[in-house]
Amino acid sequence: AIFSVASKSSDSDTTTEILGLLFMCTYITFDSFTSQWQSKVYDKYGKANVDPYQMMLGVNSSAIVITTTGLIIGGDIPKIIEFFQVNPNVLQYNIITAITSATGQLFIYTTIKEFGPIVFTVIMTTRQMISICISSILFGHTMTWKAAVGAFMVFGVLFYQIRKKYIASQRK
């Protein structure tokens, strides 16, 4: 994303891509913060007093408020209504997405509650690595040796950091 921002000629495209890059960085920041925050909530209030459903309610209520506010400010509500009218099948796909998302969230919150954020990070990093490999195979994406070395280095560093944090948490 950073490289394509530098190569765009249109100011409109550049602004859109910079905004997208900002959103992506914000997402990554908050995503890395979330599991740590949830672990602290469980530590502070006790695992018996906070369940995954309460965590889901809090996070999803906040997401609804933020998303709705953005849609109102951006004036996109009429566009969404029009899209739903033109594409009535989209509702069933939204429902399926909501169900699978909620199921995934239950697994995430339960994993963090029972095993902590470090184990969750290991699971997610492994999932991403497997997903990249499967995607490369299924869609015929060839990986140059440089890309393979780069991916190996990135995942190696991630696993090293995770292991280091795990060992430090065991010493406490």
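What follows is calculated from the coordinates using simple rules that are stated; it is not laboratory data. What you are looking at is a predicted structure, and each value in this text was computed from that prediction instead of being measured. For neighbour counting, all protein chains shown are included, and Cβ atoms are generated from backbone atoms with ideal geometry for every residue, glycine included.
For the reader, a short list of remarks on this structure follows.
- Förster radius 35 Å - calculated FRET efficiency between Thr67 and Thr110, Cβ distance, rounded to 0.05: 0.90
- Couplings 3J(HN,Hα) for the range 50-58, derived from phi with the Karplus relation 6.51 cos²θ - 1.76 cosθ + 1.60 (θ = phi - 60°), are 10, 10, x, 5, 5, 4, 4, 4, x Hz, where x marks Gly and Pro.
- With a simple spin-label model that places each label point 7 Å from the Cα along the Cα-to-Cβ direction, the separation between Gln92 and Met129 comes to 3.9 nm.
- Shape call, the range 1-157: gyration tensor on alpha carbons, a/c limit 1.5: oblate
- One chain, two ends: Tyr53 and Phe30. Fully extended at 0.36 nm per residue, the span grows by 6.3 nm beyond their Cα-Cα distance.
- FRET efficiency, 1/(1 + (r/R0)^6) with R0 41 Å, evaluated for Lys146 and Thr100 via beta carbons: 0.70
- Mean separation of Cα contacts under 8 Å, 6 or more apart, over the residue count of the range 1-152: relative contact order %: 24
- Fluctuation leader among Ile18, Ile130, Ile95 - the chain, Gaussian network, Cα springs under 10 angstrom: Ile18
- Förster-model FRET efficiency, 30 Å R0, Val157 and Asp76, C-beta, rounded to 0.05: 0.15
- Legend: residue pairs Lys47/Lys164; Lys113/Lys146; Lys40/Lys79; Lys146/Lys172, Cα-Cα distance threshold 29 Å; pairs beyond threshold, Lys113/Lys146; Lys40/Lys79; Lys146/Lys172.
- Semi-axes of the equivalent ellipsoid for the range 6-98, Cα gyration tensor, largest first, Å: 32, 23, 11
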